[in-house]
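Here is the structure we will look at.
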């Protein structure tokens, strides 16, 4: 029984490598998205510019935006902030369930 538990145990380096891989893939996707947006603005030649964003300080989202369509971007940012907090609580609950009892 003890041998089966040791075989199923995954080394911590695996999880660290997996985290770093996902982190860099996510970073590259964001970087590509920003590059596409900059290229689209430069090639289109004109138009209105709007932006919105969220800054998290612990559990408190600070939502901001500017421009003619900022209200939609702020609403979208609020929805993403609420979804992020919900996912955080779900993941935290799942992590507590899987913790080994000592």
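The values are calculated or read from the model by the stated rules, or taken from the named source; none is laboratory data. No experiment lies behind these values; they were computed from the predicted model shown. Every residue, glycine as well, gets a Cβ built from its backbone with ideal geometry; the counts of neighbours run over all protein chains shown.
I want to confirm something. Restricting to the range 9-27 and keeping residues that are more than 19 Å from the chain's Cα centre (by Cα) and either surrounded by 10 or more Cβ atoms within 10 Å (Cβ to Cβ) or part of a helix (DSSP H, G or I) (or both), which single residue is modelled with the lowest pLDDT? For the range 9-27, the residue satisfying everything is 12.
Within the range 37-60, being free of Cβ contacts under 8 Å to residues at least 24 places away in the same chain and surrounded by 10 or more Cβ atoms within 10 Å (Cβ to Cβ) holds for 37, 38, 39, 40, 41, 49, 50, 51, 55. Filtering the range 67-81 to residues that are under 17 Å from the mean Cα position of the chain (by Cα) and without any contact (Cβ under 8 Å) to a residue 12 or more places away in the chain leaves only 79. All of (1) assigned to a helix (DSSP H, G or I); (2) at pLDDT 80 or above hold for residue 6 with one exception: (2). Check the range 62-71 and report whether any residue there is closer than 27 Å to residue 86 by Cα and touching a helix residue (DSSP H, G or I) at 6+ places or on another chain (Cβ under 7 Å). Yes, some residue in the range 62-71 is closer than 27 Å to residue 86 by Cα and touching a helix residue (DSSP H, G or I) at 6+ places or on another chain (Cβ under 7 Å). When we screen 30, 55 for residues that are closer than 23 Å to residue 89 by Cβ and under 14 Å from the mean Cα position of the chain (by Cα), the only hit is 55. Of the residues making up the range 61-83, those that are surrounded by 10 or more Cβ atoms within 10 Å (Cβ to Cβ) and either at pLDDT 85 or above or part of a loop (DSSP other than H, G, I, E, B) (or both) are 67, 69, 79, 82, 83.
Filtered by the rule that a residue be closer than 16 Å to residue 86 by Cα and either outside the structural domain of residue 88 (by TED's automatic domain parsing) or touching a helix residue (DSSP H, G or I) at 6+ places or on another chain (Cβ under 6 Å) (or both), the range 49-61 gives 54, 61.
Screening residue 41 with (1) modelled with pLDDT of 80 or more; (2) not assigned by TED's automatic domain parsing to the domain that holds residue 82 gives one miss only, at (1).
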